[in-house]
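Here the structure comes first, spelled out in structure tokens, and everything after it is commentary.
The values are calculated or read from the model by the stated rules, or taken from the named source; none is laboratory data. The structure displayed is predicted, hence computed values, not measured ones. So basically every Cβ, Gly included, is an ideal-geometry build from the backbone, and we count neighbours across all protein chains shown.
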Amino acid sequence: MMLSQGAAAGQSAGIQMKCLYCGLPDCNLEKIYKRTGTGPKYICFYCEFTERFTVVDLAKKIGVSSTYLKSQIENMEFFKTFYIERGIDVNNAPLGYLELEICGLCSMPITRNTSAEDHNSTAMHSSGLIKKCNKGCGRYIWIMSLHEQYCKKSCEYEGCKKKYDRTDVHFEKDHKPFFCPIVGCDKGFPPDNIEQICTHIVKTHLLHTVQSFLRRKSLKLWKTSLTM
């Protein structure tokens, strides 16, 4: 799949793309992708600034200081494409743009700064027929659904890779993982493996501009040339 800058080339005649975050149409949208290859979505110039997910934001998500996290990821291979090691301003330099939470009831994205509870109210989901899943995903679900019977947490400890209820005794006696803080994610990682946790969040839950893809590709090519 060819990645090209801007949204114009990817738009079909008569279709007006909208920014993923503010929902407004714009003639100068930027394509953003997941590193897993899914996309594209689109982001406007304004939201490129307001939705930036930085090292500081990542540190808050996993409950450590930004100074400590920066010192850790400077030596992580995956993060070298973000130029963290060059003394950047961790408050502003983006690692990507955090995906929006998806409502477990209507499958619609929940806008930033809107809680799931507020969304439920404005979307007129009947409060008497829903509850919050505490088995795995943390989303609101219909009470009559079979959701909790199959919603589990995935234990990502090496040699385990099994799924359990979040309240299962496995997570008390065998492994005590750090669960991914992104609502809807089922992964639990060894709490001392900062690299695995951070890489998971950035690769799985952030969207990135085309430039970040090209930068990573060019870095790989440069490293390959050094070994030839």
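In this entry, Val90 is excluded by the filter for residues that are assigned to a loop (DSSP other than H, G, I, E, B), within 22 Å of Cys180 (Cα to Cα) and modelled with pLDDT of 80 or more.
Within the stretch 100-131, being part of a strand (DSSP E or B) and in contact (Cβ under 8 Å) with a residue 60 or more places away in the chain holds for Glu101, Ile102, Pro109. Kindly provide the set of residues from the stretch 181-206 that are crowded, with 18+ Cβ neighbours inside 10 Å, assigned to a loop (DSSP other than H, G, I, E, B) and over 10 Å from the mean Cα position of the chain (by Cα), ordered by number. Once the filter is applied, which keeps residues that are crowded, with 18+ Cβ neighbours inside 10 Å, assigned to a loop (DSSP other than H, G, I, E, B) and over 10 Å from the mean Cα position of the chain (by Cα), the stretch 181-206 yields only Asp186.
For the structure I just gave you, tell me whether Leu129 is aliphatic (A, V, I, L, M), surrounded by fewer than 16 Cβ atoms within 10 Å (Cβ to Cβ), at pLDDT below 85 and out of contact with any strand residue (DSSP E or B) (no Cβ under 7 Å at 6 or more places or on another chain).
Judged against the criteria, Leu129 is not a match.
Of all residues in the stretch 26-78, which are touching a residue at least 12 places away in the same chain (Cβ under 8 Å), in a helix (DSSP H, G or I) and under 21 Å from Gly188 (Cα atoms)? Within the stretch 26-78, Val55, Asp57, Leu58, Lys61, Ile62, Leu69, Gln72, Ile73, Phe78 qualify. Flag: Lys70 matches the condition of being at pLDDT 80 or above and farther than 30 Å from His147 by Cα.
Of all the criteria given as (1) modelled with pLDDT of 85 or more; (2) aliphatic (A, V, I, L, M); (3) under 18 Å from His205 (Cβ atoms); (4) more than 17 Å from the chain's Cα centre (by Cα), the one not satisfied by Met17 is (3). Scanning the stretch 20-53 for residues that are modelled with pLDDT under 80 and of a type in the set (Gly, Ala, Ser) returns Gly37, Gly39.
Of the listed requirements (1) at pLDDT 90 or above; (2) assigned to a loop (DSSP other than H, G, I, E, B), His175 misses just one: (1). For the stretch 146-170, which positions are of a type in the set (S, T, N, Q) and buried (at least 16 other Cβ atoms within 10 Å of the Cβ)? Matches in the stretch 146-170: Ser154 only.
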